[in-house]
Amino acid sequence: GPVISPQSLTDYLALPQCLICVSPQGNIEWLVEDVESTKLNDVLSQHDYAPSDITLIRLDDGEFLMPGLVDTHTHACQVPNLGVGGELELLQWLDNYTFPTEARFKDVEYAKRTYPHVVRRIVNSGTTTCCYYGSLHLEATKVLASLVHTAGQRAFVGKCNMNRNCPSNYIEPSVKESVDTTLALINYIEELPKAADGETLLHPILTPRFAISCTEELLTRLGEVAQSNPELAIQTHISENKSEVELVKSLFKTNSYAETYDKFHLLRNNTVLAHGVQLTEDEMVLIAKRGSGVAHCPTSNFYLSSGMARVGMLLDHGVKVGLGTDLAGGYSPSILAEIQHASIASKMLAIQAVDNKKCKCNGGHSESSSSGEEDGHSRGRHGHKQPGRFTNQNLSIATLLYLATLGGAEVCCLQDRIGSFEQGKAFDALLVSVREGDTGNPAVWGYNPDRDLTHGVTAQSADNNLIEWLERFLFCGDDRNIKKVIVQGRTIGGRDYHPLR
Ligand code: GUN
Ligand code: FE
């Protein structure tokens, strides 16, 4: 049936009659982009299969498959606070809403009551891979990890390291305790039973909350843990809010936020940096050089009045970018909301750039990396550098789809396993329906039985129902349109998922 798969930042495949062969282990054995029904047996025999060797699943009218969504940044322990506190900015919001909410997870019974709903809601939102922050508590975060493991979601789970600038009832008492509990969680996750085929879906992740909440001694120790485990992923926050950036530079006596993490060996290819709203171009160059990725969290960036991350400029600098819900800085568990807000943020930046250009500047502006001041102009217009392809441009549907899937996979260093449908990758997918009667979502009414799908075309080359279905799903869709959430070939959520049956 119809399949959508990203190819690059600027193109995706929309295949009306695609056949994907998935092995019992949940990997894509092979894929044929355009199969006429009458030629099905020929295709099977070319791949040495007899019809009796396979279970053939045909999609119903109005359905399509796309790769599962990747959430590169969220806080499971903040979900009880969703949608509350958005009138404050970051540092006040943390003190007044977030730390008190997370402190409740000291009670393991509370974690056991709360986290099942959190994981179920995130899975049913279509997130097949998720980077989770737990609270600072070891036991509660073990509960979270165990639930994610049982659910069968692909994920990274970390517990926060935070030993300063936090309330007395929600702070780690020593560097030793912070490091010991971190190592204990890593060990716990690595010891969880493996699937029969050995595919590890759940990974530990080092989680220094942000520079402000960690002493130099703690970051030094965490940097050592990282250096002795090159495969261990790292997640933290960077340059979300102006007051935060100033506080980091004064606490650490550094010139920039990125330089601060770099000093402690925490910027590397498997580091996920959330937000990056206030990053300077010099920092983007450093982040690209280290190979770290940015989790773009536009809902949260709007909700907490942090600003708009310059995603286009990050891409032009070669920084990997994915999307993140940042619950409860963001209020929606769905990556679809991030796609929508990423689109709006890019349009606002593009409008601002055009307005700024009207100031008829003579090219004398330049970005001062020490102040982070912006002149609002693409440097190319001043002749220093060719204008980038993405800087100050609206993000296209192809780019938005990429960020939500393959871009997120790159940020997690999982681009060889997930993010698109390709031979050898895992089958992590969403079965989407745009039929109103089927889904109960009248906002997505792209299904029109009177129109035929055009055959075997790329997204750019044809007026095609399938392309409209995708766009409508991305902008008007929600969990009602997601019939199945599939990870490693196994259905783990969605409207059609009834585990007790
Ligand atoms: N910076 C440090 N902690 C947090 C958090 O929990 N949420 C957000 N959005 N930013 C942070
Ligand atoms: Fe966050």
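Given the conditions (1) more than 20 Å from L336 (Cα to Cα); (2) in contact with a Phe, Trp or Tyr (Cβ under 7 Å, 6 or more places away or on another chain), which single one is not true for T280?
In the conditions (1) more than 20 Å from L336 (Cα to Cα); (2) in contact with a Phe, Trp or Tyr (Cβ under 7 Å, 6 or more places away or on another chain), T280 misses (2) alone.
Identify all residues within segment 280-318 that are within 16 Å of ligand 1 (Cβ to nearest atom) and touching a strand residue (DSSP E or B) at 6+ places or on another chain (Cβ under 7 Å); write none if there are none. Show your work before the answer.
Filtering segment 280-318 for residues within 16 Å of ligand 1 (Cβ to nearest atom) gives 294-309.
Passing the criteria: V294, A295, H296, C297, T299, S300, N301, Y303, S306, A309.
Does segment 183-198 include one or more residues that are surrounded by 14 or more Cβ atoms within 10 Å (Cβ to Cβ), of a type in the set (S, T, N, Q) and under 27 Å from the mean Cα position of the chain (by Cα)?
No, because not a single residue in segment 183-198 is surrounded by 14 or more Cβ atoms within 10 Å (Cβ to Cβ), of a type in the set (S, T, N, Q) and under 27 Å from the mean Cα position of the chain (by Cα).
Starting from segment 417-430, keep only residues that are closer than 11 Å to L406 by Cβ, then list their pairs with residues that are small (G, A, S) and in a loop (DSSP other than H, G, I, E, B) whose Cβ atoms are within a distance under 8 Å, requiring at least 6 positions of separation or different chains.
I418/G68; K425/G419
Go through segment 261-279 and report how many residues are within 16 Å of ligand 1 (Cβ to nearest atom) and basic (K, R).
Filtering segment 261-279 for residues within 16 Å of ligand 1 (Cβ to nearest atom) gives 261, 266, 271-279.
Now restrict to residues that are basic (K, R): none.
Total meeting the criteria: 0.
Determine whether L267 is away from ligand 2 (no atom under 13 Å from the Cβ), assigned to a loop (DSSP other than H, G, I, E, B) and either more than 14 Å from the chain's Cα centre (by Cα) or not acidic (D, E) (or both).
On the way: away from ligand 2 (no atom under 13 Å from the Cβ): yes; assigned to a loop (DSSP other than H, G, I, E, B): yes; either more than 14 Å from the chain's Cα centre (by Cα) or not acidic (D, E) (or both): yes.
Yes.
Name, by its number, the condition in (1) outside any helix (DSSP H, G or I); (2) away from ligand 1 (no atom under 14 Å from the Cβ); (3) touching a residue at least 40 places away in the same chain (Cβ under 8 Å) that does not hold for V119.
Checking V119 against (1) outside any helix (DSSP H, G or I); (2) away from ligand 1 (no atom under 14 Å from the Cβ); (3) touching a residue at least 40 places away in the same chain (Cβ under 8 Å), the one that fails is (1).
Does any residue in segment 303-329 that is aromatic (F, W, Y) come within less than 8 Å, Cβ to Cβ, of a residue that is modelled with pLDDT of 95 or more six or more places away or on a different chain, and which pairs are these?
Note: pairs meeting the criteria are Y303/G86; Y303/G329; Y303/G330; Y303/Y331.
In this structure, is G372 at pLDDT 95 or above and either within 18 Å of the chain's Cα centre (by Cα) or farther than 30 Å from G83 by Cβ (or both)?
No: the conditions fail for G372.
Filter segment 34-74 down to residues that are closer than 28 Å to L474 by Cβ, crowded, with 16+ Cβ neighbours inside 10 Å and more than 16 Å from ligand 1 (Cβ to nearest atom), then give me how many there are. If you could, list the steps in order and put the result at the bottom.
Start the filter on segment 34-74 by keeping residues that are closer than 28 Å to L474 by Cβ, which leaves 34-35, 57-74.
After this cut, where a residue has to be crowded, with 16+ Cβ neighbours inside 10 Å as well, the list is 35, 59, 62-74.
From what's left, more than 16 Å from ligand 1 (Cβ to nearest atom): 35, 59, 62-70.
So the count comes out to 11.
In this structure, does A233 turn out to be within 16 Å of ligand 2 (Cβ to nearest atom), small (G, A, S), at pLDDT 95 or above and buried (at least 18 other Cβ atoms within 10 Å of the Cβ)? If you could, list the steps in order and put the result at the bottom.
On the way: within 16 Å of ligand 2 (Cβ to nearest atom): yes; small (G, A, S): yes; at pLDDT 95 or above: yes; buried (at least 18 other Cβ atoms within 10 Å of the Cβ): yes.
For A233, the condition - within 16 Å of ligand 2 (Cβ to nearest atom), small (G, A, S), at pLDDT 95 or above and buried (at least 18 other Cβ atoms within 10 Å of the Cβ) - is met.
Give me the residue from segment 300-325 that is assigned to a loop (DSSP other than H, G, I, E, B) and either more than 20 Å from A337 (Cα to Cα) or not assigned by TED's automatic domain parsing to the domain that holds V285 (or both) and, out of that set, nearest to ligand 2 (Cβ to nearest atom). Walk me through it before giving the result.
Kept after step one, since they are assigned to a loop (DSSP other than H, G, I, E, B), are these residues of segment 300-325: 304-310, 317-319, 324-325.
Those left that are additionally either more than 20 Å from A337 (Cα to Cα) or not assigned by TED's automatic domain parsing to the domain that holds V285 (or both): 317-319.
Numbers: H317: 22, G318: 24, V319: 18 Å.
Ranking the qualifying residues of segment 300-325, first place goes to V319.
The values are calculated or read from the model by the stated rules, or taken from the named source; none is laboratory data. For clarity, every value in this text was computed on a predicted model and none was experimentally measured. As a convention, Cβ positions derive from the backbone with ideal geometry for all residues, glycine included, and neighbour counts pool all protein chains shown.
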